[in-house]
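Here is the structure we will look at, set down as structure tokens.
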């Protein structure tokens, strides 16, 4: 079982992964375009889990940073934090624009 400091380091590294951030921004833009039909929360929740699973499963090089379930679980948390930031910035932008 990973130590708490290992989990914090894993969480921090996942928060700064450019590929993860790009996928989540693309997910958010897609949600904005389809929200009339799909709503906001369902696509974001499914997308956050999808991104958290895809990144560790498709790793082609390098040793895993933690066991797969741990990487996925921490990835879901990192995705939620990143999506919350993106949603907050977008909401602030919408309010300031009016």
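Which translational diffusion coefficient, to the nearest whole µm²/s, is obtained for the chain from the Stokes-Einstein equation, given a Kirkwood hydrodynamic radius over C-alpha pairs, 37 °C and 0.692 mPa s? Walk me through the intermediate numbers first.
On the way: Rh = 14.4 Å.
Translational diffusion coefficient: 229 µm²/s.
Between residue 60 and residue 17, what is the label-to-label distance in nm when each label sits 7 Å out along the Cα-to-Cβ direction?
That separation, rounded to one decimal, is 1.6 nm.
Please give the calculated 222 nm ellipticity per residue for the chain, where each DSSP H segment of at least 4 residues contributes -39500 (n - 2.57) and the sum is spread over every residue; nearest 500 deg cm²/dmol? Numbers along the way, then the final one.
Working: 4 runs with 80 residues, N = 98.
Computed ellipticity for the chain at 222 nm equals -28000 deg cm²/dmol.
Every number in this text was worked out from the coordinates using simple rules, so none of it is lab data. In this text, all values refer to a predicted model and were calculated from it rather than measured experimentally. FYI the Cβ positions are ideal-geometry reconstructions off the backbone, even for glycines, and counts take in every protein chain you see.
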